[in-house]
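Below is one structure, written out as structure tokens; comments come after it.
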């Protein structure tokens, strides 16, 4: 009979009618848990602030046309460098014919890829670097003038809004590269990828906050998250959604301490901070040595910077594949970028060679509030749930 | 002429409606106009309504001059390119004869039906577009099209009675599918093969209805009339299916628009409403040009318009009640902002028809659009001087570009004029104080 | 209470009267005179359409149905169905829905398990197979077995259609879509019969009324069988079917539809908030807010068989991640609907503090104590709040005044106008208790820097904050009687009339005696004779032939 057969499809799928029963059962169990949690929460007067990252850009001065910070102009393209290196049509065709590439990459002395072996290729056109002196960030090398020390190489310092000398050599590398500048290809990639790709879901939980304006000690957890960002009605992202910690990636759950000064939250320096990220389509892992966050807390989230040293080989690998794939569209010439990184490297000096092996980086980052949920330990769940926002206060 | 409309008209007479309608002779009417299709058949005349809620601000709306070539105050400055097509009727009133003046309701009901409502939840009689559609709407795929910029399924002013309402299309994508989806047949295509699917639908529908004779006997007398409405609708549908099995008359101006596949977001923000209204208007113009319908109704907003403005906590309706009058301007500026936006959309609506060439003129030349609001000054729910417009010359039956001062007469004078221009044989229209036999001779040819 | 207000209560609420009459007739067995008016032909509503077809063709078929909206009568759109007319535009919607569903049903992905047979050839008619499909489907669509003559006719229609289009399934689907616009499917007409001098609904009409009440759908096969074999006419047979239907998961469909209707939730179709002011109130939130309330209601009333009045205080609900963001709470399972219980000290409790109610009765960019208060009176207390008078110029009362920071300040100013004061006294003291929730339903403690005073009053009960309002509505005697009145109207599919007072008293007594369990309320209505009775002065009773046959069958067995 039709009304019988129709209730169950051949696959045995039935309508989710048992759903409510399951919820009710779960609810019954949940009641006990909630009561315990409320108690635990009731003891702690301190607040927990949860944040989820929503934006990521290279920090530095970027005016609309770039004329003030890049008086030498913006970067020449890969094509321009290729054509400057191989001046005649015949030479160019020979390279392309020989290596079967239409992308001008195989231009090392032995046909090496300028992307995978950037050290073998030297672009004939100069790589412009910004002349700006302002940048947010931290003083990573501890000097006021950027002079060479046992562990660092000589470089020019930037000055932040508070007048402190800070380090941001990666901005020198990328500040006049169109692709890294606002609305550039790479900048656009990451703007889209932060909400779109789960690999970029990064959470910060600031625990034990007694006073949101000033607190000389807070505990901090930074972890990879599992839940999506949702666009809100005002060109931002919905604040206050729940975000689960990726408990399966335990090595990315990192703890540190910090403080809040005049509403600005700062972590202490982390010897090595690890985060997955896509940044440029390809997924990779970023590592920051001596890493610190500085975030101004707002009612809806936080904005500020992440700073630290990046190892050159790892940093290059992170960018290389995407740059290789998108060099034409993004108009970046890999060797120019690579040599600029090496030239501007300022930290973790190799005592044997005197060459610095890492470069200071500062990224402007944005966050919205999130309720961070731990699922492995009941105490952490308690902390999250017992916050009980919406309670009569 | 199909039996459906003949029957409908006879029934209308038996019900003692104030409109007395005889069988229309549309062909004769049009032959006199001289515009004809390649086949010699006349180009059809169309009728549309356009409604916006919450009236206008007279200080910046009503032209100082009466008659042709009127001036355009600030609120209607967007009409500069369509003014020559638009008649503006000012100083016409609604009198409710002791019936409760229901806010945002009595006014438009009176304009659209010729009678003030008894309460806020019923319609006293059929809306004017239905009366016109009974005369001109049976020869096309759709008897009429209802469109709403509001996104609400309840935004329609097209009804035969309280419980017999023509629902609106609220989504541009759905509207496209309805008109230009798989069942659309290009009237200008050289090939015509009757669609076997349509043939099947028609024969199945007729056969299924045939089976329902027993069912009719189970219906109590109170429901007989309702069921008759249903059968009338079925017969109309049969008629339209039959029409689709015949080669359509060529529609020289018909062009099939590009498909719309992106859903518009829900919302009543003024910008969103305007873009929804404009997209649907443009598609409707194509539907008219392709002779898929000859009657179209657009609701830009509801009577209690809840159109919002980004960053403003209150909606248009609330603003009309709560915004202080600016002492320098003498009116509510935020409220006026919304009225001005409404008039811009009206300009788009009329402009879209005017720009569309058909034969030796435009679609608007062979259309009559009747636009009206629910009141004049929203702040006071005023039924005095409810703004009304007509646009287009109805194939030469109307003069255009005139500002008419109604000298405190009844609003129904415009309705009667519209009916006469559309070929409805109405000597008078309206009920009680709204009854009038005076069409506006100043605008009729 | 001033004279005007007293009059208002007397006419609108009949407060207190109920309590007295309820006691007087407690435990009285219903031997009431038949309902004064027989319901009229009712047009199938959109939820009924979907529920019915899903009952026939199963949950895997898609039902993207948008029918013409109907007029709300006596607080319910469902009651408006008994006045609704199928205009040309409405028929187009039915036609389009029927064709879409028929196409889905006979699509290769569904037909193999829906069809009881395979045609000999997919290009040619196969009358035997068509018949095997049309007979049971026709019975469920038309709520009666098709006569041999009818079945033959429908098989012939399908035969011709298949030849016309050269495809078995397309032709059969065309026939199905034809049946889906047939008046017998779209309209339900109550039919009556005279048995031993007593005028009553036929068993078939009983079955329909029963399944519309409990499942908001046409009867299933088993219920039709009970009508056909006459067992539905016996107390025992009726009780058996009512038990079965109350225990069925389809009861949730019925309860869901009733509350969706009563709570005016069709307004969600067009609800939006200003993105600048309430950025977290996304389209998903509007969908989830409606669903949250319906889930809460179904879980509380159907699964837990809870007291109806506790719906106004319960802290148990269900949340999604999008909703949790508005509520400002963390949820453990952000991927799906998850049960959630607000802590005991939370301001959240019951339907009034859910985002659905709070956001629906607000402006796009701010809260509205007046709209909230009015909705509480009209929806939950069945009282009519008058519309504002037509000739009041509110704007004079709204001159910008920086000292007026909160809604209470602004409304106090408003109430200084005596014309406004009358009605605002009826609504605002209730709505002001919800001022700790903004126009999106999020919790707040202050407005424009001023601490919100959420005290208020409902009739004689005054309270300090929303908790007090929740309790007051829970304890208001009109709260359960209003529900019972709406449910009775829903069951009879017509507005309540003065002559129904005895019936209402009886239903209220039973509802109270059963601890305000809605399932029991439904059982009382569904098993009560009055529910199936026919007034003596009924429109001339007519029995259609098919009914006469089923009655005869029933007597034989």
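The values are calculated or read from the model by the stated rules, or taken from the named source; none is laboratory data. All values derive from a computational prediction rather than experimental measurement. Neighbour counts are summed over all protein chains in view; Cβ atoms, including those assigned to glycine, are modelled from backbone coordinates with ideal geometry.
Residues that are more than 22 Å from residue C:179 (Cβ to Cβ) and modelled with pLDDT under 90: list the helices (runs of 4 or more DSSP H) wholly contained in the stretch C:66-129 that include at least 2 such residues.
Details: elements: C:77-80, C:88-105, C:108-114.
Result: empty, no element qualifies.
Does residue C:140 satisfy being outside any loop (DSSP other than H, G, I, E, B), within 13 Å of chain B (Cβ to nearest Cβ) and at pLDDT 95 or above? Give the derivation first.
Details: outside any loop (DSSP other than H, G, I, E, B): yes; within 13 Å of chain B (Cβ to nearest Cβ): no; at pLDDT 95 or above: yes.
In short, no.
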Against the conditions (1) surrounded by 17 or more Cβ atoms within 10 Å (Cβ to Cβ); (2) more than 30 Å from residue B:270 (Cα to Cα), where does residue C:271 fall short? Just the number, please. (2)
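Which members of the stretch C:76-91 meet the condition of being at the interface with chain B (Cβ under 9 Å from one of its Cβ atoms) and touching a residue at least 60 places away in the same chain (Cβ under 8 Å)? Write out each step before concluding.
Step one: filter the stretch C:76-91 for residues at the interface with chain B (Cβ under 9 Å from one of its Cβ atoms), giving C:80, C:82-91.
Listed by number, the residues that qualify are C:82, C:86, C:91.
When you look at residue C:317, is it touching a strand residue (DSSP E or B) at 6+ places or on another chain (Cβ under 9 Å), in the same structural domain as residue C:376 (by TED's automatic domain parsing), under 24 Å from residue A:230 (Cα atoms) and outside any helix (DSSP H, G or I), yes or no?
Values: touching a strand residue (DSSP E or B) at 6+ places or on another chain (Cβ under 9 Å): yes; in the same structural domain as residue C:376 (by TED's automatic domain parsing): yes; under 24 Å from residue A:230 (Cα atoms): yes; outside any helix (DSSP H, G or I): yes.
Taking the combined requirement at face value, the residue satisfies it.
If you take the residues of the stretch B:198-224 that are modelled with pLDDT under 85 and in a helix (DSSP H, G or I), which of them is surrounded by the most Cβ atoms within 10 Å (Cβ to Cβ)?
B:215
Out of the stretch A:319-334, which residues are assigned to a helix (DSSP H, G or I) and modelled with pLDDT of 80 or more? If you could, list the steps in order and put the result at the bottom.
Residues of the stretch A:319-334 assigned to a helix (DSSP H, G or I): A:319-330, A:334.
Hit for the stretch A:319-334 is A:334, nothing else.
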Is at least one residue of the stretch C:470-482 within 14 Å of chain A (Cβ to nearest Cβ), out of contact with any strand residue (DSSP E or B) (no Cβ under 7 Å at 6 or more places or on another chain) and not in a helix (DSSP H, G or I)? no
Hey, among A:173, A:166, A:209, which residue is touching a helix residue (DSSP H, G or I) at 6+ places or on another chain (Cβ under 6 Å) and in contact (Cβ under 8 Å) with a residue 60 or more places away in the chain? A:173
Go through (1) closer than 24 Å to residue B:421 by Cβ; (2) in contact with a strand residue (DSSP E or B) (Cβ under 9 Å, 6 or more places away or on another chain); (3) within 14 Å of chain C (Cβ to nearest Cβ); (4) surrounded by fewer than 23 Cβ atoms within 10 Å (Cβ to Cβ) and name the single condition residue B:122 misses. (1)
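Kindly indicate which of A:358, A:391, A:370 is at pLDDT 95 or above and at the interface with chain C (Cβ under 9 Å from one of its Cβ atoms).
Working: A:358 fails: at the interface with chain C (Cβ under 9 Å from one of its Cβ atoms); A:391 fails: at pLDDT 95 or above.
Result of the check over A:358, A:391, A:370: A:370.
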Show the residue pairs that are 6+ apart or on different chains and have beta-carbon atoms under 6 Å apart, the first residue being within the stretch C:279-293 and away from every other protein chain (no Cβ under 12 Å), the second being outside any helix (DSSP H, G or I) and crowded, with 21+ Cβ neighbours inside 10 Å. C:293/C:354
If I go through the stretch C:195-223 residue by residue, how many of them are surrounded by 19 or more Cβ atoms within 10 Å (Cβ to Cβ) and not in a helix (DSSP H, G or I)? 9
A careful count of residues in the stretch C:511-549 that are more than 14 Å from chain B (Cβ to nearest Cβ) and either at pLDDT below 50 or part of a loop (DSSP other than H, G, I, E, B) (or both) gives 5
Have a look at C:186, C:176, C:151, C:172 and point out the one that is within 22 Å of residue B:211 (Cα to Cα) and free of Cβ contacts under 8 Å to residues at least 24 places away in the same chain. C:151
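Can we say residue A:189 is at negative phi and either crowded, with 24+ Cβ neighbours inside 10 Å or modelled with pLDDT of 95 or more (or both)?
no
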When residue C:186 is evaluated against the numbered criteria (1) modelled with pLDDT under 95; (2) at the interface with chain B (Cβ under 8 Å from one of its Cβ atoms); (3) closer than 30 Å to residue C:530 by Cβ, which criterion, by number, is the only one it fails? (1)
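Would you mind finding the one in B:159, B:180 that is more than 9 Å from chain C (Cβ to nearest Cβ) and either crowded, with 18+ Cβ neighbours inside 10 Å or touching a helix residue (DSSP H, G or I) at 6+ places or on another chain (Cβ under 8 Å) (or both)?
On the way: B:159 fails: more than 9 Å from chain C (Cβ to nearest Cβ).
Unique residue meeting the criteria: B:180.
Could you please find all residues in the stretch C:206-228 being without any contact (Cβ under 8 Å) to a residue 24 or more places away in the chain and touching a strand residue (DSSP E or B) at 6+ places or on another chain (Cβ under 8 Å)? Quick ask: steps written out before the conclusion?
Looking only at the stretch C:206-228, we keep the residues that are without any contact (Cβ under 8 Å) to a residue 24 or more places away in the chain, and these are C:222-223, C:225-226.
Residues satisfying the conditions do not exist here.
Against the definition (surrounded by fewer than 24 Cβ atoms within 10 Å (Cβ to Cβ), more than 19 Å from residue B:167 (Cβ to Cβ) and in contact with a helix residue (DSSP H, G or I) (Cβ under 6 Å, 6 or more places away or on another chain)), how does residue B:313 come out, yes or no?
Values: surrounded by fewer than 24 Cβ atoms within 10 Å (Cβ to Cβ): yes; more than 19 Å from residue B:167 (Cβ to Cβ): yes; in contact with a helix residue (DSSP H, G or I) (Cβ under 6 Å, 6 or more places away or on another chain): no.
No, not satisfied.
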Please work out which one of (1) buried (at least 22 other Cβ atoms within 10 Å of the Cβ); (2) more than 18 Å from residue A:238 (Cβ to Cβ); (3) at the interface with another protein chain (Cβ under 7 Å from one of its Cβ atoms) is the condition residue C:345 fails and give its number. (1)
